[in-house]
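Derivation of every value follows stated rules applied to the coordinates shown; laboratory data play no part. Only a predicted model underlies this, so the values are computations on that prediction, with no experimental measurement involved. Using ideal geometry, Cβ is built from the backbone for each residue, glycine included, and neighbour counts are taken over all protein chains shown.
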Amino acid sequence: MAPPRTWPTAIKHNGWSVLPCMMITLSWWVVMPIAAIGQIESDKTAIPRNSTITAAEQTLRGAGLTPVERVWYLPEELHQRQRLPELEKLDQHAAELNQLIARHVQAREVLRQQIVQLQETTRTNRTAAAKLPPGAPAKLLLDKEFQLQSAQLTAAEKSFLSVEKWAMAAPLGNLTMDLLATRSELLDGILQLSAAAPVTAATYERLRSDSQITAALAGFAAPQRLGPAKAIAAEAKILSRLAQQQLRQAFLPLARSGNDWLVTGIFNERHVLTVVWDAERSETLLPHSLFQKWELEIDRGQEPRRITLEDQEIQIRPSIIKTVRLGTAAANDVTVWVMPAEAEHFGPRLGYELQQTLRATLRPERLAVEIAVPEQKLP
């Protein structure tokens, strides 16, 4: 019996560890130092300190607001302002990685075409030489060319690795894993900010109609106002552009780890997860830790199953995921199967039934998963 493989628990990205294979990046509301927040307002007037203003300031701070110069912001907006440039850098890094990977893909295709051409040429020369009498000058010339071309063909075939070995060989293997990690963090940030934007806007509207907040803002010697910043519209366009580029891709990055191909999807429109592309098993499997973290429920309408996964027999229980998204395709009300805690090392696995539903096709020679469905409207 072969020993169980250990599911990779971390992918390195620029020196730190992220967990797109099994854990969701957690980067929720963190109030950054005010000194790091720029381009909000041009007025540098400090807030005067006296007993009346202190009471007003306490009212505003009690409502969860933070002053930057003379504007009072919700921490969610300050977080967005700090987070957006980081997401743009991640987007740029992902684009650079895609370009580098594309060069490797193109170089392998060029080598493949050279091998095909050399095979055809050597076959033609061998056939032509066989028709000539021994010792004929033309035959000697063809034999010499055949030997040279055969040596070239042997060298080319030796350097042409199988697609699995090629995908893991340095530096390509490092590039693809870096791309998965970068894109996972980027997707997670996009989803978080997109989900928070309407909530932040509604909170501002509620505070704007609050008489205590209005009175507190009027209680300062220098004029004060409630957020959002004037740059909020421009920031919304940046976020929309990032979402368009990352959430509506028809070709998703693919990486190889050990015996598995890895691809990143989105579960319930908010959980970014890198999964094993499982072409041999129909069920889509989730580790028990994610079942708990996502607060899923067991589907009592279906019976548990017993399966064998890499020589280990385990019991899996059904649950329902509202949506599973790969690029432009989304499947609704998806049955997933939760593995027990002792099977955690197998990691999340995308079964072939869901692959077919999403019309997703593995393209290892392109290091991509192709989604063959029309673009769908995002929720």
**Prompt:** What aspartates and glutamates could a cross-link reach from LYS131, if we take a straight Cα to Cα line under 18 Å and drop same-chain neighbours fewer than 8 places away?
**Reply:** GLU120, ASP143, GLU145
**Inter-site label distance for ALA169 and ARG225 at 7 Å from Cα along Cβ, in nm** = 6.1 nm
**Prompt:** Among ILE316, SER289, ILE266, whose Cα sits farthest toward the positive end of the charge dipole of segment 222-347 (+1 at Cβ of Lys/Arg, -1 at Cβ of Asp/Glu, about the Cα centre)?
**Reply:** ILE266
**Reciprocal of mean inverse Cα separation for segment 71-142 (Kirkwood radius, Å)** = 17.8 Å
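For GLU120 and ARG270, calculate 0.36 nm times their separation in residues minus their Cα-Cα distance, and state this gained length in nm to one decimal.
Values: separation 150, 0.36 × 150 = 54.00 nm, distance 5.18 nm.
Length gained between GLU120 and ARG270: 48.8 nm.
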**Prompt:** Can you list the trypsin sites (Lys or Arg not before Pro) in segment 117-220 that are in a DSSP coil and have 12 or fewer other beta carbons within 10 angstrom?
**Reply:** LYS131
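Percent of Cα-Cα pairs more than 25 Å apart in segment 227-379, please.
35 percent
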**In nm, spacing of pseudo-spin labels at ARG248 and GLN82 (7 Å Cα→C-beta vector)** = 3.2 nm
